[in-house]
Each structure stands twice: as structure tokens, then as C-alpha cells.
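Chemist: Here's a structure for you.
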Amino acid sequence: MKKNILIFGLIAGSIVTAMMLFATISCYNDPDFRASEILGYTSMLIAFSFIFVGVKNYRDKYNGGLISFGKAFKIGFFIALIASTCYVVAWLIEYYLFIPDFMDKYTTHTLTVAREKGASEAELAAKAKEMAMYSNWYKSPLFVVLLTYAEILPLGTVVSLICALILKRRSRKLSGALSS
């Protein structure tokens, strides 16, 4: 089970990390964060499709075609955790070594979008205060890690739940035995 989780977790992690790096580079050349958010969450869903593949692979190849909801969820969650960890580590390297001004640029972008949507001065002030809070949190590596996990792991958990519901199988269907 561990090998299966590791293989599919690393595949998913490679996909989501590569797409995150591509999106970040794109943002720095064209700071329209909206396009990168769509690309980011789409890549997460594509990467997390390997949760389904990993759970099904374990069920069919190593567990005789049977798996409980709990075991399927556990496998899926650990695949998501490995992929999410790859994503977090890549973001830490990218953020601290290559784009330490990310929060400044993201704050500027967020306030510009709010202004373009017609936010009042009070709403802009509230948004600026919120972004200042996030910028302050980003001064601590622990908060960078927690915020980055919060960005990806909940989606992986939901995908794991859905896959566990779809793939659970407690007993083999006796199609041949019924016809006899």
C-alpha cells in the first residue's frame, strides 16, 4: 500500500507542482492572477485524478478487487497529502528564492481588481487591511506552509472522499453464481 501511495502521490505532486511553477512564471510576465487561479485549480483537479487511479490500482491489483470506504479514503488522502507536500515545498522554494515580493504584487492586484469593480473607500480600506494581515502572516515560514496547504489539501480531501465513495467494494458480485 505504501508503494502505491508514494508512486501516485509523486505523480500527482509532479503535475500540480509543474503547473504551479508555470502559472507563477506566467503571472510574473503578465500579472493577471485570475488566469493563473483557473489554471491552478484545474491542474489540481487533473493531478488529483491520480487519487482515483491510485485507489483503483490498489483495490484491483493488491486487494483482490475489494476495498472499504475507510481504506479507500485513507489511500486517497495520503496520495493527496504527498501531492500537497510537493506543492508546498515547491512554493517555499519559489517564493523565498525567486519571488519574495509576491505578496506585494498580489496585494496590488487584489486592490486594483476591487477598485475596478467599484468598491467603496471603506471596502478598499477593509481589503487593504485584510491583505496587510496576509502579508504579515507571510513573514513567517510556518504561516506560508499552513496557508499553502490550506490552498490545496482541502480539494484533495474532497476528491479522496468522492473516490472512496465511487470505488468502495466490500464483496464481489456473483453474476455467474446467480445464473447457475
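Chemist: Does Lys56 satisfy the criteria of being in contact (Cβ under 8 Å) with a residue 12 or more places away in the chain and in a helix (DSSP H, G or I)?
Modeler: Yes, satisfied.
Chemist: Enumerate the helices (runs of 4 or more DSSP H) found wholly within region 68-180, keeping only those where 1 or more residues are farther than 24 Å from Thr42 by Cβ and open to solvent by less than 60 Å² (accessible area, probe 1.4 Å).
Modeler: 69-93, 102-116, 121-137, 175-179
Chemist: Quick one: how many residues across region 95-117 are among the basic types (Lys, Arg) and either on the phi > 0 side of the Ramachandran plot or out of contact with any Leu (no Cβ under 8 Å at 6 or more places or on another chain) (or both)?
Modeler: Looking only at that region, the number is 2.
The values are calculated or read from the model by the stated rules, or taken from the named source; none is laboratory data. Being a predicted model, the structure only gives us computed values, none of them experimental. Positions of Cβ are backbone-derived with ideal geometry, glycine not excepted, and every protein chain shown enters the neighbour counts. Note: areas computed on protein heavy atoms with side chains; ligands, DNA, RNA excluded. Shrake-Rupley method; radii C 1.70, N 1.55, O 1.52, S 1.80 Å.
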